[in-house]
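Novice: Questions regarding the structure given below will be posed in turn.
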Amino acid sequence: MHTEVPKNTKTKRPRTKKTLSLKQKEGLQGYIFISPWIIGFLCITAGPLLFSLYGSFTNYDVTSRMDFIGLSNYIKMVTNDDLFWISLGNTIYYVVISVPLTVFGAVLLAVLLNQGIPGLRIFRTIYYLPTVLSGVGVYLLWMQLLNPTTGLVNTMLSWIGIQGPAWLLDPNWTKPALIFMKFWSLGGGMLLYLASLQGVPKSLYEAAEIDGANAFKRFIHITLPMISPVIFFEFVTGIIGGFQVFQEAYVMTDNGDGGPANSLVFFNLHMWDKAFNVFDMGYAMAMSWVLFIIILILTLINLKLAPRWVHYQGGDQK
Amino acid sequence: MRFFKKSTVMLVVFLLAMGTLLAACGDSKDEASSGSKKGKTEIEFWSFWGSGTRKPVIEKIVDDFNKSQDKIHVTYKYLPFGDIWTKELASVAAGNPPDVIINDINSVQQRAQKNQSVNLAKYVKNDPDLKDQFYPQLWNTVLYKNDPYAIPFNTDTRVLFYNKDLFKEAGLDPNKPPTTWDELAADAKKLDKKSGSQYTRLGFLPRYGIGPDVWIDNATGVGEWDYKNGKPVINDPKAVQALQWIKDYEANYGSKVINTFQSQFGSEQADPFISGKLGMEMNAATFYTQIRDFGKNMDFGVAPMPEMTSGNGHTSWGGGFVAEIPKGAKHPDASYEFIKFLTSAKEQAYWASKNFDNVANIQGSKDAAKDLSGKAKEVYQLAVENLDQTLITPQPIEAPDYTSLVNPEIDKVMLGKKSPQAALDDAQKAVEKLAKSNK
């Protein structure tokens, strides 16, 4: 070995110089840049991932058994577990309303905070602040705010003559309550839109103005297309995150039981219950793969539809 | 090209760093593994008792054990309630569990079935009178296929607290607490107080301190599951009546009045019973310590939970914790020695009197009552007596998560969306289906 090393490097060096085209070199560098993620994935995530795929076809309970039972878990899920459908329904309800609402709100807020008025920085900070606050503390705070009689939300509603709902106590209002809470922390998305708004060239607006486009038209035809890549990103990650909603329901209901009349039993909460309360780990693994496939399909659809509305500057990147 | 080389170097450095990290993870296991120090067997004991009142007591017990003999040394480790058992599960799966752990009394059988805990039959065989030291309903919970897989540690029970001052004010006999549901409702009505159209005091709220399930336990005397025959008995006619009773009781006031009233409730000084907003309250006997610390010498009494009708029985409900040896523990003999010490009459009495907690050891409970005096003794004595009529409702192996199907149905009844009969019928069907799918 020792003697070969210098020989090798000598012969190799000139060769790589010749054979690696610029494109290949760029590709290689790209892989090196994402290598921490790839290595992390291969060393830490990939094993458990494959294990859970196999586990989903077994009656695995962590400690006593792991027998192959074929598709039983999947069949049981679809045909014999009412809570599976309830939890899926709750989760879809949450995603369908929460994600578009949050995207819409964040864009609107970003546009408002992109106007040239004094004190703007302070407002930006205020709206961003909720994003910095972390999970459980925020949930506990909101449980107080949403108290039907003494909470700030209903108190303020009563000022304008509205009798507020019972929020977390009324199964019809528990999910809206959570969506409302989520909406409060849209500062993260807002910041991304703001950054992207500031990158829209002024010349485009000037040209449109000369052509007689009013403010609304300028917004629709210039602003929105120019920030559409960020909207797309937020939309896709929002859906992925939305389907994984768990903490809110776990913390904000008694003993994490999923709220009044099962209204907050989300997919992941039911999965957690099966995994760690009943130890039906194989079943929980099967559930997690179903969720993975649902998210995968939705993301693929999103990617497929993206070229119709997402506008990339430069235009050749798809 | 130079850049390429640089990034390769960085990659190598990164890989090395990862390697060290992984190696570090691997090492920690060896360090933690219990070996023998100076010929002593080292064992580790996990529980979630970390509060200012409980931690010193359990540490003292551990310390006493370490001093009482020179073969075993116990190290106490506190883990938060939120993740102690998931951590234990992971450590059992990894083959490196703690030696003794405090776990939930309601799921002993599941853990036994899933091979997560050690069968104690061979130890208990040498201690034939051990099982008679504990309350039979607690001992029953630790049996799986007739073998014990844990030793009960503590428990609790729900009793009725009533405010004697308010009883006098309302013209009721302060030494005659209600004994049936009808009496309870009648006394409560007399304790209600209004200022204008607003209630400033309510006599009683059936869903404060306990849930509808405890009323069902009280009515049926067996709860929602028939353990003997391994099947759900959720739509028992008495259970339906119990829900109807709660509903009718609350309908007298309306949900708005009750919600408004309840939203002012908190704990300690803000507890409605302590602040005089509620004349009677169902709660665990340990609630006494809050009255003692925040009640400003209020005059109160305690009584068993009223019975549905005269002669139906004052059945109450409780839970508790057990000590067990996780599967794969290295020194089960030493672990068992420590558990025996932990659940012995002397240590149980110490734990009980210091924490005002119901313990599983019968002699320990009686001794603790002797150590107390005054009001504390009165409450504790009642709590101990009440254990004889306290139902423990372990999760049945056939349907461990059945309550996730029953509670939403009960919610629907309370929200007025379903009749008690229809809801409990549906719950019964759903649980039967669950039990069948688990077979």
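A short reminder: the numbers here are calculations on the coordinates, not readings from a lab. Only a predicted model underlies this, so the values are computations on that prediction, with no experimental measurement involved. A quick note on method: Cβ atoms are made from the backbone with ideal geometry, for glycine too, and the neighbour counts reach across all protein chains shown.
Novice: Amide H to amide H under 5 Å from A:THR58: which residues, 5+ apart in sequence or cross-chain, H placed 1.01 Å off N in plane?
Specialist: Excluding prolines and chain starts, which carry no amide H, the hits are A:ILE69.
Novice: When DSSP beta bridges are limited to those with both residues in the protein assembly as shown, what percentage is antiparallel, rounded to the nearest 5?
Specialist: On the way: 31 of 45 bridges.
For the protein assembly as shown, the DSSP antiparallel bridge percentage is about 70.
Novice: Now, a different point. B:LYS231: which lysines have alpha carbons under 26 Å from its alpha carbon, excluding same-chain residues fewer than 8 sequence positions away?
Specialist: Within the straight-line cut-off, B:LYS231 pairs with A:LYS76, A:LYS274, B:LYS114, B:LYS145, B:LYS412, B:LYS418, B:LYS429, B:LYS433, B:LYS436, B:LYS439.
Novice: For chain A, what is the calculated [θ] at 222 nm in deg cm²/dmol (nearest 500), taking -39500 (n - 2.57) for each run of four or more DSSP H residues and dividing by its residue count?
Specialist: After summing the helix terms and dividing by residue count, I get -21000 deg cm²/dmol.
Novice: For each of B:SER310, B:SER335, B:SER419, count neighbouring Cβ atoms within 10 Å of the residue's Cβ, then give the residues from fewest to most. Working shown, then result.
Specialist: Details: B:SER310 9, B:SER335 28, B:SER419 15.
Final ranking by Cβ density, sparse to dense: B:SER310, B:SER419, B:SER335.
Novice: Computed from the mean reciprocal separation of all distinct C-alpha pairs, what Kirkwood hydrodynamic radius does the protein assembly as shown have, in Å?
Specialist: Kirkwood radius, the protein assembly as shown: 30.6 Å.
Novice: Using a 10 Å cut-off around each Cβ, can you sort B:LYS417, A:LYS23 from fewest to most neighbouring Cβ atoms?
Specialist: A:LYS23, B:LYS417
Novice: Follow-up. Helix-only mean residue ellipticity at 222 nm, chain B, DSSP H runs n ≥ 4 weighted -39,500 (n - 2.57), per residue, nearest 500. What is it?
Specialist: Numbers: 18 runs with 204 residues, N = 439.
When only DSSP H runs of four or more count, the value is -14000 deg cm²/dmol.
Novice: Further, regarding this structure: Would you mind checking which residues have amide H under 5 Å from B:ASP226's amide H? H placed 1.01 Å from N; only 5 or more apart, or other chain.
Specialist: B:LYS231, B:VAL233
Novice: Along segment B:107-114, what does the Karplus equation 6.51 cos²θ - 1.76 cosθ + 1.60 (θ = phi - 60°) give for ³J(HN,Hα), rounded to whole Hz, x for Gly and Pro?
Specialist: Computed from phi, the couplings for segment B:107-114 are 10, 4, 5, 4, 5, 5, 4, 8 Hz.
Novice: For helix B:181-191, what angle does its Cα long axis make with the longest principal axis of chain B, in degrees from 0 to 90 and rounded to 10?
Specialist: 70
Novice: Something else: May I ask what percent, to the nearest 5, of DSSP beta bridges between residues of chain B are antiparallel?
Specialist: Within chain B, antiparallel bridges account for around 70 percent of the total.
Novice: Would you kindly derive the ³J(HN,Hα) couplings of segment A:225-233 from the backbone phi angles with the Karplus curve 6.51 cos²θ - 1.76 cosθ + 1.60 (θ = phi - 60°), listing them in order in whole Hz, with x for Gly and Pro?
Specialist: Per-residue couplings from phi come out as x, 5, 9, 4, x, 6, 4, 4, 4 Hz.
Novice: Count charges around A:GLN115 for me, please; just the other residues with Cβ under 15 Å from its Cβ, Lys/Arg as +1, Asp/Glu as -1. Walk me through the numbers on the way to the answer.
Specialist: Details: positive: A:ARG121, A:ARG124, A:LYS202, A:ARG218; negative: none.
In short, +4.
Novice: Per-residue HN-Hα couplings for segment A:24-36, Karplus 6.51 cos²θ - 1.76 cosθ + 1.60 at θ = phi - 60°, whole Hz, x for Gly and Pro?
Specialist: 4, 5, 4, x, 4, 4, x, 5, 5, 5, 8, 4, x
Novice: Would you mind checking which residues have amide H under 5 Å from B:SER316's amide H? H placed 1.01 Å from N; only 5 or more apart, or other chain.
Specialist: Amide H neighbours of B:SER316: B:THR390, B:LEU391.
Novice: Partner chain Cβ atoms within 10 Å, averaged over the residues of B:231-241 - can you pull that number for me? Provide the component values of the computation, followed by the final result.
Specialist: Details: counts 0, 0, 0, 0, 0, 0, 0, 0, 0, 0, 0.
If you average over the peptide's residues, the count of other-chain Cβ atoms is 0.
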